[in-house]
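All remarks here apply to the structure that follows.
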Amino acid sequence: MTDDARPVWVLGGGGVTGIAWEVGVLVGLADEGVTVTPEAVLIGTSSGAVVGAQIVSGAPLGELYERQRQGVAHETSTALSLLHLLRLARAQLFARSPEQAARRLGRLAIATSTPDPSRQRRIAEARLPSHTWKDADLRIVVVDAESGSSRTITRHDGVSLVDAVAASCAMPLSSAPVTIDGHRYMDGGMRSTLNLDLAPGVGPVVALAPSTAAIGPWARIAKQRAALGETRRVELLLRDPASRRAQGTNVMDRSVVPALVAAARDQGRREASRVAAALATTSHS
C-alpha cells in the first residue's frame, strides 16, 4: 500500500462526552473485526486528539473502554456558561476566514484567567495511558491563538505528547492556551470541530464526529467533505439517537460517561459493516 492510499481516521472534538462516544464506537467496531490498522493516519482534534493518543498508546481497547465505563473522576464537569457561549458566538460573527475567526477567539483564550494553570496539563496526563509518542502516524490539530493559523503536531516535531493534547483541548474561556515553541496554542476545534478536510492522500476516510457545530461556513462538514473530492470514499459517523439520549445536553458532564460509552459501543457494532466496506475500497482522484 502506498502512503497516499493509507486509510485515514479523523477523530473530532466534543468534550468529555466526545471522548467516551469515540472510545465506545471504536470498541464496538473492533467487536466486529474493524480496527485502526498500524499503517493508518489518525487526525485528532480536541477530544479526538485524546482518543487518537489513547488508541495508539498500546493500551488494549478493552482497557480504554473500562476506563470510561468505570467513570472518569479526573475529568471536570464544568460547562461554559450561557454568557461565555454568547461571547464565543459573537467572536465568530461575520468572520471571513478561519484565521480571522480564530484570531478573535484567540483573544478570548489569551485573556482567560485560570486559578490553576497546571490543571489542563494534569487532566491531559490523566487521560493518556502513555505520555510518549508511539510509532504511529498521529496528527494533533491545534490553533495559534495569536495568528489564528492551524498547526498539525506529530511525533517528529519534538513536542511533548501531553502538551500537544493539552493544547488541542484548550477551549477559550475555559482553559488558557498552552505554550509550545514560544507560541500560544488553543483548541484545534477553533478551526473546525472535525477538520475532515485535513485528511491526506486518496485513501478511504472514516470520520467520527461527536459534534457537528461549525465555527463558520468553511468548517461545515459538507463543505469539508466536498474538499476531499467526489470519488474519495468517506464514511461519517455521527451520534445515533441512543447515544444522544445517553449524552444529554452538557458535553462536559462526566456523570453520563458510563452509559454513553456503552451506547456508543452498541452503535459501533451496528456501523461496522459500512465502515468495513469503506476501508476495503481504493479511492482514485
Self-check item: Filter pass, ALA73 being small (Gly, Ala, Ser), at pLDDT 95 or above and farther than 24 Å from ARG191 by Cα
Solution: no
Quiz item: Within segment 147-256, which strands (runs of 3 or more DSSP E) (wholly inside it) include 2 or more residues that are open to solvent by 50 Å² or more (accessible area, probe 1.4 Å) and either closer than 15 Å to SER47 by Cα or not acidic (Asp, Glu) (or both)?
Solution: 150-153, 183-187, 234-238
Practice problem: Scan segment 257-282 and report the pairs whose first residue is within 9 Å of VAL25 (Cβ to Cβ) and at pLDDT 95 or above and whose second residue is aliphatic (A, V, I, L, M) and surrounded by fewer than 17 Cβ atoms within 10 Å (Cβ to Cβ), with Cβ atoms within less than 8 Å and a gap of 6+ or a chain change. | Solution: GLN267/ALA242
Practice problem: Six or more apart or on different chains, Cβ under 6 Å: which pairs go from a residue in segment 58-71 that's in a helix (DSSP H, G or I) to one that's among the polar types (S, T, N, Q)? Could you list them? | Solution: LEU64/GLN54
Practice problem: Could you identify the single residue in ARG225, ARG220, ARG232 that is within 24 Å of SER150 (Cβ to Cβ), charged (D, E, K, R) and modelled with pLDDT under 95? | Solution: ARG220
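When you scan segment 68-83, do you find a residue that is over 14 Å from the mean Cα position of the chain (by Cα), on the phi > 0 side of the Ramachandran plot and surrounded by fewer than 16 Cβ atoms within 10 Å (Cβ to Cβ), even just one?
First, pick out the residues of segment 68-83 that are over 14 Å from the mean Cα position of the chain (by Cα): 68-83.
Right, trim to on the phi > 0 side of the Ramachandran plot and you get 71.
Filter once more, keeping what is surrounded by fewer than 16 Cβ atoms within 10 Å (Cβ to Cβ): 71.
So far as segment 68-83 goes, yes, one or more of its residues are over 14 Å from the mean Cα position of the chain (by Cα), on the phi > 0 side of the Ramachandran plot and surrounded by fewer than 16 Cβ atoms within 10 Å (Cβ to Cβ).
The values are calculated or read from the model by the stated rules, or taken from the named source; none is laboratory data. Owing to the predicted nature of the structure, the values given are computational and were not obtained by experimental measurement. Ideal geometry is used to build each Cβ from the backbone, glycine not excepted, and the neighbour counts take in all protein chains shown. What goes into the accessible areas is simple: the full protein's heavy atoms, side chains included, and nothing from ligands, DNA or RNA. Shrake-Rupley method; radii C 1.70, N 1.55, O 1.52, S 1.80 Å.
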